[in-house]
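Just below is one structure, and these are the notes that go with it.
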Amino acid sequence: MATLPSDPAADPIEVLTESDCVAPITNLFVPGDTSSAIVVGDVRRVLARIPSGVFQTCVTSPPYWSLRDYGLDGQIGLEASINDYLDALVTAFGEVRRVLRNDGTLWLNIGDSYTSGGRKWRAPDKKNPGRAMDTRPKTPDGLKPKDLIGVPWRLAFKLQEAGWYLRTEIIWNKPNAQPESVADRPTRSHEYVFLLSKSERYYYDIDAVRGPNDRRQRTVWDIKTQVTPGETNFAVFPTALVEPCILSATHPTDFVLDPFFGTGTTGVVARELDRRFFGIELHPEYVEIAKRRLACSDSG
Ligand SMILES: C[S@@+](CC[C@H](N)C(=O)[O-])C[C@H]1O[C@@H](n2cnc3c(N)ncnc32)[C@H](O)[C@@H]1O
């Protein structure tokens, strides 16, 4: 276990490995503890060590299906079938549901993808090195080459079946979306954020986030994609996407979970908003980036 050297005035951030978590992690959840933590490990194994009902909200973006190979055993996203992928996520989010407070919420960012159209590999992409892959999954049963898979809604319906309340979809519109080479459909420029709750009634502060002319927030959010300054990482969600989720779903000092922490965007925003965070990430290199970002979270 190591404590991150950060702003000395700020609350401590513990950096743990899975082997630190062979026993249940309880020290972070005693009343009065003000630490945040990052655990390097597998979401399912780490969450299993956490007591029930401790987080107020979860803001996260899981690996998308068949999009990129993070090169690690246990990674989610490279399952041979879409159903295996969805089952892995439903299992992980079942644990998320358990560790949320009864009035807690989940903000789940996810994008869609197409069947491979018969191609067996994806060419390297200079702007996005992680997109080069050795294999592509076969077209899922019931779909045809070139079909849009509908991954976000398939996942949303499975989570609903598993007990989650599906409260809304939010369209994240990206005004600076990358051009695409396909010429037989419009360029995709959006992803989804689903708001799900553990119970029928849950904490939600409608006044914490207001739009122009003080009107209540709408379900289409225009937010530019963002790259982490100085890093070549991909698939980072923008701080502006995370802010309204945390603001409307938590009080100051509440505990925010991100079980697919990546480069730590949820942690950066949680800190800036005086919330505690708990991040889980399989890839040690991303945790190093997250630690750097959190040591100077002003630059986001
Ligand atoms: C879409 S990225 C999240 C990016 C993050 N929102 C950010 O701002 O940097 C998904 C992350 O899930 C991680 N991941 C994949 N499988 C995992 C697993 N089994 N347990 C924990 N993390 C995993 C990947 O390494 C990747 O960093």
* Per-residue HN-Hα couplings for region 51-62 [Karplus 6.51, -1.76, 1.60; θ = phi - 60°; Hz; x = Gly/Pro] -> x, 6, x, 9, 9, 7, 8, 10, 10, 7, 9, x
* Lys, Arg +1 and Asp, Glu -1 on Cβ, resulting dipole of region 57-274 about Cα centre, debye, nearest 20 -> 640
* Can you sort LEU72, LEU89 by how many other beta carbons sit within 10 Å, fewest first? -> LEU72, LEU89
* Eight or more residues apart or on different chains, and alpha-carbon atoms under 16 Å: count the Lys pairs in region 57-274 matching that. => 6
* To do: Using only alpha carbon pairs under 8 Å that are at least six residues apart, calculate the relative contact order of region 57-274 and give it in whole percent.
  => 24
* Cα→Cβ-extended label distance, 7 Å offset, between ASN213 and VAL227, nm -> 3.8
* Could the peptides 57-64, 102-109, 216-223 be put in order, highest first, of the mean number of other beta-carbon atoms found within 10 Å of their residues? -> 57-64, 102-109, 216-223
* Quick one: grab the alpha carbon gyration tensor of region 57-274, order the square roots of its eigenvalues as a ≥ b ≥ c, and give me rounded if a/c is under 1.5, else prolate or oblate depending on whether a/b is larger than b/c. => prolate
* With charges only on Cβ, +1 for K and R and -1 for D and E, what is the dipole size of region 236-300 about its Cα centre, in debye, rounded to 20? -> 80
* **Centroid-to-centroid separation of region 176-203 and region 33-85 [C-alpha atoms, Å]** => 20
* **Shape category assigned to region 134-225 from the gyration tensor of Cα positions, a/c cut at 1.5** => oblate
* Shape of region 175-283 from its Cα gyration tensor (a ≥ b ≥ c, root eigenvalues): rounded if a/c is under 1.5, otherwise prolate when a/b > b/c, or oblate? -> oblate
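Quick note: the coordinates plus some simple rules give every number you see, no bench work behind them. Please read all numbers here as calculations on a predicted model, not as lab measurements. Note that each Cβ is placed from the backbone with ideal geometry, even for glycine, and that neighbours are counted across all protein chains shown.
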